[in-house]
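The values are calculated or read from the model by the stated rules, or taken from the named source; none is laboratory data. Values in this document were obtained by computation on a predicted structure and should not be read as measured data. All Cβ positions, even for glycine, are placed from backbone atoms using ideal geometry, and neighbour counts span all protein chains on display.
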Amino acid sequence: MHAIILRVLTQTQKQEVLRFIQSYKAASFTFRDLVRFLDLDSEDRRSLQHYLDELDSQEVIHRIKRGRYALPSREALVSGVLSCHRDGYGFVAPDDRSLYKQDVFVHVRNMDEAMHGDRVLIKVATKAKPRRPPFRGRPRQAPPGPPEQRLEGTVVRVLERKFPTIVGRYYAHPRFPFVVPLDSRMLHDIQIPFHQCKGAKDGQIVVATLTAPPGRYQAPSGRIVEILGYPDDPGLEYRIVEHKFGLPVEFSPETLKEIEGIPDRLIESEIEGREDFRSELAVTIDGETARDFDDAVSLTKLASGNYLLAVHIADVSHYVREGTAVDRDAYARGTSVYFPDRAIPMLPPALSSGICSLKPREDRLVFSVLMEIDSRGNVLHSRFTEGVLRSRERMTYTSVARILVARDPAEIKRYAELAPMFQEMEELCRILWDKRYRRGAVDFDLPEAEIQFDEKGKVISVVAAERNIAHRIIEEFMLLANETVACRLAASGGPALYRIHEEPDTAKVDDFAEFALALGYRLEGRGGRYRSEDFQRFCRQLEGKPEGKFLAYLMLRSFMQARYSEKNVGHFGLATQEYTHFTSPIRRYPDLVVHRLLKECLNEKPSKEWQEGMWQRMPEIALHTSSRERNADEAEREIERIKKVQFMADKVGEEFEGIVFSVVRQGFFVELLEHYVEGFVPAATLIDDNYLYKEKTHSFVGERNRKHIKLGSNVRVRLDIADRETHRLAFSLVAVP
């Protein structure tokens, strides 16, 4: 007797079912309606019936008679990612921003089994926003007009758990052992039965998996699957972050076996039929510590005065074929993750740092974009081709800047053959930037932290990373190549994966504009909307102002987050109608997908079957890779915070000059001038006077000394706490100049 194995609907198919339910206008729908909508075969129909039974048990839908279903209420059903706050509440960022641009508030009592990071399905209702509590015993005056409304959600079900395991500190309680998650947004301690403790000792950092989820009246329970060590163990922070964010470090045995069959140098047969760029004056320009070289560039000034720009990208899709173990591992990772002193690559080093990397003076396969550009930055002609390249030189941003800015004679002599081309690249870079500026692109150019280590791996400095003209050159060239590829995919009418950035939520921008106006900076929209050029004009006001950088940060927080999508809605920040990611296939899976799409698009007889399959897969690819990108960003930020706290740990008690970059009722955040680190100054430490918080201007004002602490204020602070567990620095105020 053979067991019957029920095929389960894919995540994309489940999302399509929910989208159908959310958008259906009639009072009820039938099983056949869904089958026709999803175009399912007989095997998948049984899976669909099983999934509908699940939704019925969760009261997402109601079965009213055989094969017919109705919605339980008129409340909207929305899927999205839940972000919890340590105080218990949370917000859901909708997957489909066309339904709701703002995040949906979820009260702690409406969380059900959901945990931070989960993808959930919620019922949404509009409710009156609660009034703020009295301040210092005085009730707040309600604003005129009807009460302010907000969206509130109730979790109906968990669609996908983000964290299969949870990292926390183990407490060996004599009766009820438990694990306290290191992430304060994980709101529940996890009970661990004695027989599931795996020999963990009190105070150790462990990895636990859930055996029972949380409920309204039930704490979650789990079992320990790995013991990482004690908090002070060297290098433990990396293992914690790897587990906490689900970052796979090791590649699967199947992938490693496949890699063995890939040669470490080009075979002559691979070059046949490709355009030969090996005699071209092409170079890579990267940071000093870069190991993976995705892109090389060359530039020729034509007799017409136009520029011929060639952007050559590593042809990763030649080596990473669909459906292979390498491809599956790359898709699961979604992106490479970069820490200050190490990286977790998306592809095995034999590919990422080996045969795919455009190393100098070595033949490599490339997928190239060639563009003829006029003096106004317009692309007159473009073409795409598979080629073979031999990069002439591995340049660094520093070296190119020495040639173009410092006019260093030694550097110019060393790269005499290349120096004239770099000067023309600078010319074209400024032309391209001027064009983007004219159409309204918003340029933030905000500095990032550069963490430097000694030979033993100890942090010796944290400084703001320098950007120079060489960074700008590569940035402009890559932006143009990405845009050109996106235009070609859009024109083809076939499947595509876009990098989109939706218009910001007007309510969020209004709040920011009101705050900025209180500081003397005006942000104005037109017709109830804000356009990218409105933000561009606002940024011009910030130039040279001490608080300018911090206002730009706050402005950025009012923006939507850029993401991947199969639907093209344009890129607001770049002020372009079509944009994608093409130029980094070694470290980003979406770029690898775009390479495959473009190759098929250029094929004289594209495979209709393959394209149809990609149409179906694209929503899932977009959702997954966007999620993995956000996950990697969070992991990188966490390691950065950890390293900053490690650097400052031996400086507790020392005083520093700083600048205020955010003020809230509980205190203010300060960025140090000597080191590129930031921390919080609680209001309770403002003891030289009775400071009153002014909500309109987001500032503190001393009652007696009348000193103001506001955005951009210079202050002197003392480091009181460098908390290695929460990765936070706490300061106290010493003086306000």
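Looking only at the stretch 402-424, how many residues end up being under 17 Å from L299 (Cβ atoms) and not β-branched (V, I, T)? Break it down into steps so the answer makes sense when it comes.
To start, the set of residues in the stretch 402-424 that are under 17 Å from L299 (Cβ atoms) comprises 403-404, 415-424.
Then drop every residue that is not not β-branched (V, I, T), which leaves 404, 415-424.
Residues flagged as under 17 Å from L299 (Cβ atoms) and not β-branched (V, I, T) within the stretch 402-424 amount to 11.
Answer yes or no as to whether A622 is surrounded by fewer than 17 Cβ atoms within 10 Å (Cβ to Cβ), in contact (Cβ under 8 Å) with a residue 24 or more places away in the chain, in a helix (DSSP H, G or I) and aliphatic (A, V, I, L, M). Step through it out loud before you land on a result.
Values: surrounded by fewer than 17 Cβ atoms within 10 Å (Cβ to Cβ): no; in contact (Cβ under 8 Å) with a residue 24 or more places away in the chain: yes; in a helix (DSSP H, G or I): yes; aliphatic (A, V, I, L, M): yes.
Spelling it out, it is not the case that A622 is surrounded by fewer than 17 Cβ atoms within 10 Å (Cβ to Cβ), in contact (Cβ under 8 Å) with a residue 24 or more places away in the chain, in a helix (DSSP H, G or I) and aliphatic (A, V, I, L, M).
Tell me yes or no: at least one residue of the stretch 587-602 is assigned to a loop (DSSP other than H, G, I, E, B), within 24 Å of the chain's Cα centre (by Cα) and assigned by TED's automatic domain parsing to the domain that holds F384. Yes: the stretch 587-602 contains one or more residues that are assigned to a loop (DSSP other than H, G, I, E, B), within 24 Å of the chain's Cα centre (by Cα) and assigned by TED's automatic domain parsing to the domain that holds F384.
Of the residues making up the stretch 438-457, those that are without any contact (Cβ under 8 Å) to a residue 24 or more places away in the chain, farther than 25 Å from T576 by Cα and of a type in the set (D, E, K, R) are E448, D454, E455, K456.
Looking only at residues in the stretch 636-660 that are within 23 Å of F550 (Cα to Cα) and not charged (D, E, K, R), which one is surrounded by the fewest Cβ atoms within 10 Å (Cβ to Cβ)?
Applying the first criterion (within 23 Å of F550 (Cα to Cα)) to the stretch 636-660 yields 636-645, 648, 655-660.
With not charged (D, E, K, R) added as a condition, the list becomes 639, 642, 645, 648, 656, 658-660.
Values: I639: 22, I642: 20, V645: 22, M648: 21, F656: 20, G658: 24, I659: 18, V660: 26.
Selected residue: I659.
Flag: E629 does not match the condition of being acidic (D, E), over 14 Å from T335 (Cβ atoms) and assigned to a helix (DSSP H, G or I).
Scan the stretch 446-461 and give yes if some residue there is surrounded by fewer than 19 Cβ atoms within 10 Å (Cβ to Cβ) and over 30 Å from R342 (Cα atoms), otherwise no.
Within the stretch 446-461, the first condition is being surrounded by fewer than 19 Cβ atoms within 10 Å (Cβ to Cβ), and the residues that meet it are 446-450, 452-458, 460-461.
Keeping just the survivors that are over 30 Å from R342 (Cα atoms) gives none.
Within the stretch 446-461, not a single residue is surrounded by fewer than 19 Cβ atoms within 10 Å (Cβ to Cβ) and over 30 Å from R342 (Cα atoms).
Within the stretch 207-220, being touching a helix residue (DSSP H, G or I) at 6+ places or on another chain (Cβ under 9 Å) and surrounded by fewer than 18 Cβ atoms within 10 Å (Cβ to Cβ) holds for T211, R216. If the condition is being of a type in the set (A, V, I, L, M, F, W, C), surrounded by 15 or more Cβ atoms within 10 Å (Cβ to Cβ) and over 25 Å from G235 (Cβ atoms), then the stretch 193-206 contributes no residue at all.
Looking at T300, T284, T289, which is the one that is among the polar types (S, T, N, Q), under 28 Å from the mean Cα position of the chain (by Cα), part of a strand (DSSP E or B) and outside the structural domain of P181 (by TED's automatic domain parsing)? Talk me through it step by step, then tell me what you get.
Details: T300 fails: under 28 Å from the mean Cα position of the chain (by Cα); T289 fails: part of a strand (DSSP E or B).
Unique residue meeting the criteria: T284.
Could you check, for the stretch 435-442, whether at least one of its residues is at pLDDT 95 or above, touching a Lys or Arg at 6+ places or on another chain (Cβ under 7 Å) and under 24 Å from L299 (Cα atoms)? The answer is yes, given that some residue of the stretch 435-442 is at pLDDT 95 or above, touching a Lys or Arg at 6+ places or on another chain (Cβ under 7 Å) and under 24 Å from L299 (Cα atoms).
Residue pairs whose Cβ atoms lie under 9 Å apart, sitting 6 or more positions apart in sequence or on different chains, and linking a residue in the stretch 471-490 that is under 16 Å from I431 (Cα atoms) to a partner that is acidic (D, E) and surrounded by 23 or more Cβ atoms within 10 Å (Cβ to Cβ), are I474/D295; F477/D295; M478/D295; A481/D295.
The test for being surrounded by fewer than 18 Cβ atoms within 10 Å (Cβ to Cβ) and either of a type in the set (A, V, I, L, M, F, W, C) or in contact (Cβ under 8 Å) with a residue 40 or more places away in the chain (or both) does not hold for P590. When you scan the stretch 192-209, do you find a residue that is under 29 Å from the mean Cα position of the chain (by Cα) and under 30 Å from K123 (Cα atoms), even just one? Yes, because at least one residue in the stretch 192-209 is under 29 Å from the mean Cα position of the chain (by Cα) and under 30 Å from K123 (Cα atoms).
Check the stretch 381-390 and report whether any residue there is of a type in the set (D, E, K, R), buried (at least 16 other Cβ atoms within 10 Å of the Cβ), in contact with an Asp or Glu (Cβ under 8 Å, 6 or more places away or on another chain) and in the same structural domain as L266 (by TED's automatic domain parsing).
Yes, the stretch 381-390 contains at least one residue that is of a type in the set (D, E, K, R), buried (at least 16 other Cβ atoms within 10 Å of the Cβ), in contact with an Asp or Glu (Cβ under 8 Å, 6 or more places away or on another chain) and in the same structural domain as L266 (by TED's automatic domain parsing).
Against the criterion of being of a type in the set (D, E, K, R), in the same structural domain as M614 (by TED's automatic domain parsing), in contact with a Ser or Thr (Cβ under 9 Å, 6 or more places away or on another chain) and modelled with pLDDT under 95, E483 does not qualify. I'd like the residue in the stretch 451-506 that is closer than 30 Å to V405 by Cα and of a type in the set (F, W, Y) and, out of all such residues, is farthest from the chain's Cα centre (by Cα). The selected residue is F453. Just to be sure before I move on: is R328 surrounded by fewer than 17 Cβ atoms within 10 Å (Cβ to Cβ), closer than 22 Å to L597 by Cα, in contact (Cβ under 8 Å) with a residue 12 or more places away in the chain and not β-branched (V, I, T) in the structure I sent? It is true that R328 is surrounded by fewer than 17 Cβ atoms within 10 Å (Cβ to Cβ), closer than 22 Å to L597 by Cα, in contact (Cβ under 8 Å) with a residue 12 or more places away in the chain and not β-branched (V, I, T).
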